[in-house]
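Engineer: My structure is below; once you've seen it, I'll send some questions.
The values are calculated or read from the model by the stated rules, or taken from the named source; none is laboratory data. Since the structure is predicted, the reported quantities are computational estimates derived from the model, not experimental observations. With ideal geometry, Cβ positions are generated from the backbone for all residues, glycine too; neighbour counts draw on all protein chains shown. When the accessible area is computed, the model is the full protein with side chains, heavy atoms only, and any ligands, DNA or RNA have been set aside. Shrake-Rupley method; radii C 1.70, N 1.55, O 1.52, S 1.80 Å.
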Amino acid sequence: MTGQNTDLATMVTGLGCAAIVDAMGRAHQHRAHVLSLVSPTPQRPMFGPAVTIAYVPYREDFTDTQTAGFAGWFYRAVGDAPAGAVLVLSSGGYPDVSHGGGTKLSRLHNHELAGLLCDGRLRDFDELARYRFTTWCRGEATRAGDDTVMPCAANVPVEVGGVCVTPGDYIYADRAGAVVIPAHSVRDVLTEAHHVQAEDEDFMVRIRNEDPSELWAGRGSVGER
């Protein structure tokens, strides 16, 4: 992980997905949140800059895709500095189909990626749980999906759960969901997320000390989220 990413990882410590989503709403107008996903290690949050692989419905006459396979597209996506990155896979129109399993995804472990965000299902949760990287996806699968979807492009904008992810965006995910943060504003967003959490803590104190009679009369609302 680069020095910048280490610094950002320190900034994200103690934050949760909801606070970052609220901070993104203050900084940007576009949708940035992905609803809750599934992980073989749900206690482990994930954070890092995105590299992407776009998937499309399978076609046997796409020769470049068939020749490269997942391995070729993986190395095209991660380039020369894979450590600390989050690999993002689009669904290819089939979010309920497996996009991979413990064998081919071991490459993320070997090259020290921070995580995997997949808009489809994955196989071999027990195996994925033993790797160093964190995985979030649509759910576990048993049948391989190579005859249904296929990778077709690396490091292009992709869609995950209704959100646009571009290479270099920062991805945060935990058991509440995921959020996509533009690289140019990641520091400002994380700083604002800490402000959001501090405001919520203040609201908690005010709620604890609120006067029920004032609220009954329609006065004194604290504006909590």
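Engineer: Residues to consider are Val34, Val78, Val51; find the one that is within 16 Å of Val189 (Cβ to Cβ) and of a type in the set (Val, Ile, Thr).
Structural biologist: The match here is Val34.
Engineer: Where the second residue is open to solvent by 50 Å² or more (accessible area, probe 1.4 Å) and the first is more than 13 Å from Glu140 (Cβ to Cβ) and lies in the stretch 97-115, which pairs have Cβ atoms under 6 Å and are six or more apart or on separate chains?
Structural biologist: His109/Arg132
Engineer: Right, here's the next one. Which of the residues spanning the stretch 103-142 are assigned to a strand (DSSP E or B), of a type in the set (A, V, I, L, M, F, W, C) and out of contact with any helix residue (DSSP H, G or I) (no Cβ under 7 Å at 6 or more places or on another chain)?
Structural biologist: Scanning the stretch 103-142 gives Leu117, Cys118, Trp136, Cys137.
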